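The values are calculated or read from the model by the stated rules, or taken from the named source; none is laboratory data. In this text, all values refer to a predicted model and were calculated from it rather than measured experimentally. Cβ placement follows ideal geometry from the backbone for every residue including glycine, while neighbour counts extend to all protein chains displayed. Accessible surface areas use protein heavy atoms only, side chains included; no ligands, DNA or RNA. Shrake-Rupley method; radii C 1.70, N 1.55, O 1.52, S 1.80 Å.
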Amino acid sequence: MSTAAPADTRAVAARALAEIALGGRSLREVLAQQLPQLSAQRERAFASALVFAGARGWLRWNAALPLLLQKPLSRRLGALHALLVLGLTQLEDLGVPTHAAVAATVQAARALGHDAQRGMVNAVLRRWLRERTALLTQLDADSVSRTRLPTWLLQALYADWPAQADAIISASNAEVPPTLRVNLARVTRADYVQRLAAAGIDARPHAWIDSAVTLSASLDVTRLPGWGEGLCAVQDGAAQLAALLLDAPPGARVLDACAAPGGKACHILERSAVQLTALELAPARLARVRDNLARLHLHADLRMGDATQPALWWDGVACTHILLDAPCSATGVLRRQPDVRLHRRASDLPALLAQQRTLLDALWPLLAPGGTLLYATCSVLRNENAAQAAAFVAAHADAEALPIALPAGRADGPGWQILPGEDGLDGMFYARLRKRGRC
């Protein structure tokens, strides 16, 4: 009986990157479908690294192709197009030795079914190596290919954060290892770091976020000590601040209004024995919340519904605490979600701003007097953050902003903004909004 030839790692990565960059699909969704083709964990890790780097560098290396090709590639050659971008990515961003990068990329063209284009792939990469200095100068002359960010986002960053924009751009292009959230209800952080060390995994506790541990390198997190026991989860330190800022005491009635994938809900439950309702609109997204709760041995009331229409799912009992992790531009998490730079458009922002306003207005009546609503986004755009929170407070006489003071970031309007890279964190905005009166 014949067996199928093993999949070519670079060919798998090229197909995935084509779906992301040219097809508009989510990076994590595509990787979940494509990586199982590779049997070895090492191959899956390398393919994942290729795709992340390819998405991060697409706006730079894709701009190099017209300088290297005699004529544009046909649109039907999407995977081959992505393979050329990955060839340059290997040479310039990943430090793959020249011979290995060129030879393996040429071989991947055959694996993609484009044997006739192998010579073209070889010629493009060889030309890059010959003319590299001059070509890099041309790429650096253009702001998009130099910064790897779209024009609309560059304009927004320099308008909102003129003094910090260059640092934001640099941090947004950085490759960063995972940050873990230690389940402090099950194990101390010091004990868990010792377990990591015993397994040969280098990790560093965050300086002031008590549950956060940053790994020194990316790895298969399902192989971490205690992963199956629910001792840890993957969550950036900035996102871990949500549970700390919400500060719900035992017995509090908490609503996580846009809960998927469930990391913040799980963290709230790990820190306090609250009554938590996790709300999501889409069944698949609610299933992710359920899966994360189950792995961490936590329980919440899961409800499927539209947060802007509480009459369809709310039981009428006021909440003491509400977390609104609002849909946003995700411009603060480009280093972990590099495909956002390829998919987000300036034209998306008006609808996002309107949705944020609608969610705030719809959820506020569910909050008990004296209760707290924590408004959160993973954005760095001030229209979604400080301006949005300020407009809400101005429009609601019973709303007041509670102060926030953290070791990283700065006060901005009624809230607190952390920019990407500050203290090793993703970009996040938080505003603590209290309803005047007593519970």
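Please report the antiparallel percentage of the DSSP beta bridges confined to the chain, to the nearest 5. Can you show the working numbers first?
On the way: 25 of 42 bridges.
Given both bridge residues lie in the chain, the antiparallel proportion sits at roughly 60 percent.
Taking amide H positions as placed 1.01 Å from N in the peptide plane, with prolines and chain starts having none, which residues 5 or more places from residue 367, or on another chain, fall under 5 Å of its amide H?
Under 5 Å from the amide H of residue 367: 319.
Based on the mean of other beta carbon atoms within 10 Å per residue, what is the order of 133-140, 418-425, most packed first?
Numbers: 133-140: 12.5, 418-425: 22.4.
Packing order, densest peptide first, comes out as 418-425, 133-140.
Considering the convex hull of the alpha carbon atoms of segment 8-113, report its projected area averaged over all viewing directions, in nm², one decimal. Could you put the intermediate results ahead of the total?
Values: hull surface 25.2 nm².
Average of the hull's projected areas for segment 8-113 equals 6.3 nm².
Could you pull out the trypsin sites (Lys or Arg not before Pro) across segment 409-439 that fall in loop regions by DSSP (anything but H, G, I, E, B) with no more than 13 other Cβ atoms inside 10 Å?
Values: sites: 410, 432, 434, 435, 436, 438; in loops: 436, 438.
Those that pass, being in a loop and sparsely packed, are 436, 438.
What ranking, highest mean first, results for peptides 82-94, 285-297, 42-54 when packing means the other Cβ atoms within 10 Å averaged over each residue?
Highest to lowest by the protection proxy: 82-94, 42-54, 285-297.
Please sort 339-347, 255-263 by packing, taking for each peptide the average over its residues of neighbouring beta carbons within 10 angstrom, highest first.
Numbers: 339-347: 16.8, 255-263: 23.9.
Highest-to-lowest ranking by the protection proxy: 255-263, 339-347.
Can you tell which of 320, 298, 255 lies farthest toward the positive end of the dipole of segment 231-337, using +1 and -1 charges on the Cβ of basic and acidic side chains (Lys, Arg; Asp, Glu)?
Positive-end residue among those listed: 298.
What's the whole-number percent of alpha carbon pairs in segment 305-375 lying beyond 21 angstrom? Don't skip to the answer; put the middle values down first.
On the way: 948 of 2485 pairs.
Tail fraction, whole percent: 38.
Can you give the % of DSSP beta bridges in segment 185-336 that are antiparallel, to the nearest 5? Write out the running numbers ahead of the final one.
On the way: 3 of 14 bridges.
Counting only bridges with both partners in segment 185-336, antiparallel ones make up about 20 percent.
Under the classification rounded if a/c is under 1.5, otherwise prolate if a/b is larger than b/c and oblate if not, where does segment 257-414 fall, given a ≥ b ≥ c as square roots of the Cα gyration tensor eigenvalues? The partial results should precede the final answer.
Details: a/c = 1.41, a/b = 1.12, b/c = 1.26.
The shape class here is rounded.
Above 29 angstrom, tally the Cα pairs of the chain and express them as a % of all pairs, no decimals.
Numbers: 49103 of 96141 pairs.
When all Cα pairs of the chain are counted, 51 percent exceed 29 Å.
Taking a ≥ b ≥ c as the square roots of the Cα gyration tensor eigenvalues, with a/c under 1.5 meaning rounded and otherwise prolate when a/b beats b/c, else oblate, which class fits segment 355-409?
Working: a/c = 1.84, a/b = 1.29, b/c = 1.43.
Oblate, because a/c is 1.5 or more while a/b does not exceed b/c.
State the antiparallel share, in %, of DSSP beta bridges confined to segment 279-426, rounding to the nearest 5.
On the way: 3 of 11 bridges.
Just about 25 percent of them are antiparallel.
Given 5 Å bins starting at zero, what is the percent of C-alpha pairs of segment 53-183 in each, up to the one with the largest pair distance?
2, 10, 18, 20, 17, 13, 10, 6, 4, 2, 0, 0
State, as an integer percentage, the relative contact order of the chain based on alpha-carbon contacts under 8 Å between residues 6 or more apart. Walk me through the intermediate numbers first.
Details: 772 pairs, mean separation 52.7, N = 439.
Taking the mean separation of contacting Cα pairs over the length of the chain, I get 12 percent.
What are the residues whose amide H is under 5 Å from the amide H of residue 26, where those residues sit 5 or more places off or on another chain and H is modelled from the backbone?
Those qualifying (amide H under 5 Å, at least 5 residues apart or on another chain) number zero.
Whole angstrom only: what separates the Cα centroid of segment 231-266 from the Cα centroid of segment 103-137?
47
Report, by chain and number, residues whose modeled amide H sits under 5 Å from the one on residue 276, excluding near sequence neighbours (fewer than 5 apart, same chain).
The answer is 254, 301.
Ignoring ligands, DNA and RNA, what accessible area per residue does the chain give at 1.4 Å, in Å²? Kindly include the intermediate steps, with their values, before the conclusion.
Values: 18930 Å² over 439 residues.
It amounts to 43 Å² per residue over the chain.
For segment 222-291, go through all pairs of different Cα atoms, get the mean of 1/r, take its inverse, and jot down that Kirkwood value in Å. It would help to have the intermediate numbers written out before the result.
Numbers: mean 1/r = 0.0782 Å⁻¹.
Averaging 1/r across every pair of different Cα atoms and inverting gives 12.8 Å.
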